[in-house]
Amino acid sequence: MFRPAILRQVVRAVDQSTRPAALVAGPHQFIRPLSTTVSRAQRDDKNDPLTKATTKAPGGAAGEHEGKYARTDENVVIEYPDDADMPRSPVVQGRGGMHFKRTLAQFSLENRVTLVTGGARGLGLVMGQGIVASGSDLAIVDLNHEAEESARKLVEQFQKENPGLEQLPNVTAHYADVSNPDSVNNALSEVIAKHGKIDHLVTSAGFTENFDAISYPYDRMQKLWGVNVDGTYLFATGVAKHLMERKAPGSIVMIGSMSGAIVNVPQPQAPYNAAKAAVRHLASSFAVEWAGHGIRVNCISPGYMLTALTRKILDENPELRDKWISLIPTGKMGVPEDLMGAVTFLLSDASKYITGADLRVDGGYTLT
Ligand SMILES: NC(=O)c1ccc[n+]([C@@H]2O[C@H](COP(=O)([O-])OP(=O)(O)OC[C@H]3O[C@@H](n4cnc5c(N)ncnc54)[C@H](O)[C@@H]3O)[C@@H](O)[C@H]2O)c1
């Protein structure tokens, strides 16, 4: 919005200063010599502000603003906090419960069991709440033992919002490091033992960090890919194998990010962007491979969402907050509740003919 406005002013100014006398004399004397356009296009004036903004001019000729809003800034360094410094994620209130409005039965997840990785906190926890509100039982799988408390609070909140219900949802908590195959297999066995089956999977375990590419610590890069990519792969293949053994249909939703389709600015995060692009394409690849087994696989790519963690980062970096918001067409960050409907839709029969899709929930960020 901002750049084109400046550009239009520059074009207007250039237009006035370069227009031949015959053109500015008045509306009744409008004559357009055929040569005007050609001579303007061929102009090679070193002081022409538009020439300075082209590849004909050396870098920096147009001023400090060149590329300013489209570049990463190596000074932005954000490390994923240690567990002790991690802010808690509250169970959301007043948005997840049952309702008495008519809606399509296809959206119901009744009699299903859903496993959510990274469900102890953040987006995973709130999506889990939406999934339970839609009728499913839930297995929260997380590295963090906060998962047990989250499971308990989720049921308490559900009970508060649905007083008088005879049967409460079965919500369980399980430990796994999603990047470790043995840990993943143990968690899958535990969930099947507790719930009898798994119908749906949501892979929300993941994290991001910000270092410029050249300084990115290699061990942290490996860890990032391990959790975001291997973790998604291991859980998806584990659940697909279980569904195939049961000869049961199912659906899987992988949480990618808009970063899998664009490059965020100003914070540098090349490994995260590449990892989320991998998640998106894993969803497409699995969708094709498992279509014949009745297993659908889709991706949700959220934009900037205000979780306890992003709140902490942005409280400490208000300039980053303003920059982010300025780049979102709707002018707003999302909240975790904005994913409740998207995940329920993609897991449920309402999206029966949708597989391999990437649903961007980003306020239009990736459109501009
Ligand atoms: N918050 C956003 O703005 C945003 C935007 C786009 C995409 N995402 C993606 O959404 C997902 C959830 O992000 P969030 O903001 O809720 O983060 P979060 O840190 O609040 O929650 C992530 C959860 O994953 C768990 N986890 C991390 N590593 C794990 C591992 N090795 N094994 C098991 N669990 C592990 C954490 O303990 C935590 O409970 C991530 O994949 C993230 O990349 C987030």
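Pairs please, first residue from the stretch 128-149 and without any contact (Cβ under 8 Å) to a residue 60 or more places away in the chain and within 12 Å of the ligand (Cβ to nearest atom), second anywhere and assigned to a loop (DSSP other than H, G, I, E, B) and of a type in the set (Lys, Arg), Cβ atoms under 7 Å, 6+ apart in sequence or on different chains.
Cβ pairs passing all conditions: GLU146/ARG121.
How many residues are in a loop (DSSP other than H, G, I, E, B), within 12 Å of the ligand (Cβ to nearest atom) and not small (Gly, Ala, Ser) when one looks only at the stretch 309-368?
Number satisfying all stated conditions: 4.
Would you confirm, using the coordinates I've provided, whether LEU306 is under 18 Å from ASP73 (Cβ atoms), without any contact (Cβ under 8 Å) to a residue 40 or more places away in the chain and either within 11 Å of the ligand (Cβ to nearest atom) or of a type in the set (Phe, Trp, Tyr) (or both)?
no
Can we say ALA291 is of a type in the set (Gly, Ala, Ser), farther than 21 Å from PHE207 by Cα, more than 13 Å from the chain's Cα centre (by Cα) and surrounded by 14 or more Cβ atoms within 10 Å (Cβ to Cβ)?
No, not satisfied.
If you take the residues in the stretch 151-174 that are in contact with a strand residue (DSSP E or B) (Cβ under 6 Å, 6 or more places away or on another chain) and not in a loop (DSSP other than H, G, I, E, B), which one is nearest to GLY341 (Cα to Cα)?
Restricting to residues being in contact with a strand residue (DSSP E or B) (Cβ under 6 Å, 6 or more places away or on another chain) and not in a loop (DSSP other than H, G, I, E, B), the top hit is LEU154.
Do we have THR172 as away from the ligand (no atom under 14 Å from the Cβ) and at pLDDT 95 or above here?
So THR172 fits the description; yes.
Of the numbered conditions (1) more than 27 Å from the chain's Cα centre (by Cα); (2) part of a loop (DSSP other than H, G, I, E, B); (3) within 16 Å of the ligand (Cβ to nearest atom), ASN186 satisfies every one except a single condition; which is it?
(2)
Among the candidates VAL279, VAL239, VAL297, single out the residue that is among the β-branched types (Val, Ile, Thr), within 12 Å of the ligand (Cβ to nearest atom) and either in contact with a strand residue (DSSP E or B) (Cβ under 6 Å, 6 or more places away or on another chain) or at positive phi (or both).
The match here is VAL279.
The values are calculated or read from the model by the stated rules, or taken from the named source; none is laboratory data. Please read these numbers as outputs of a predicted model, since none were measured by experiment. FYI the Cβ positions are ideal-geometry reconstructions off the backbone, even for glycines, and counts take in every protein chain you see.
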